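Report on the structure given below.
The values are calculated or read from the model by the stated rules, or taken from the named source; none is laboratory data. Note that this is a predicted model, so its numbers are computed, not measured. Here the Cβ positions follow ideal geometry from the backbone for every residue, glycine too, while neighbour counts run over all protein chains shown.
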Amino acid sequence: MADAVLALNAGSSSLKFAVYRNVSGRIAPVSRLEIDGIGPAPHFVARNVDGVAPIEKPWPSATFAGLHDELLGWVRR
C-alpha cells in the first residue's frame with residue numbers, strides 16, 4: 001500500500017487537492033489544498049484536517065511550474 005495518496009480535482013477556475021496517508025493500514029486525511037481564482041486573481045490555500053489554514057496567500061503567477069513546486073513543497077512537509 002502507498003505511504004501517501006494525492007487526489008486532484010480540476011474545475012474551470014480552481015484546482016483542489018487532498019493528501020491522504022497510510023496510518024496503520026488505513027487511509028487517513030492529512031490536508032486539503034486549493035488554488036482558486038485561476039485567471040484573474042489566483043489564490044493558494046492549504047488546510048490541515050482540522051480546517052486550519054496555515055498557508056493562505058495570493059498566487060502571483062499561476063504557471064504549471066509554480067503550481068508544481070508549491071504543491072510538492074507542501075505535500076513533502
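Numbers at a glance
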{"item": "Count - residues of region 29-49 that are over 9 Å from the mean Cα position of the chain (by Cα) and either surrounded by 13 or more Cβ atoms within 10 Å (Cβ to Cβ) or under 21 Å from GLY73 (Cβ atoms) (or both)", "result": "9"}
{"item": "Selection from region 34-77 of residues that are at pLDDT 70 or above, of a type in the set (Gly, Ala, Ser) and part of a loop (DSSP other than H, G, I, E, B)", "result": "GLY37, GLY39, ALA41, GLY51, ALA53"}
{"item": "One residue from VAL5, VAL23 being more than 21 Å from LYS57 (Cβ to Cβ) and either of a type in the set (Phe, Trp, Tyr) or over 14 Å from the mean Cα position of the chain (by Cα) (or both)", "result": "VAL23"}
{"item": "Region 17-27 - residue that is out of contact with any strand residue (DSSP E or B) (no Cβ under 6 Å at 6 or more places or on another chain) and on the phi < 0 side of the Ramachandran plot and, of those, modelled with the lowest pLDDT", "result": "VAL23"}
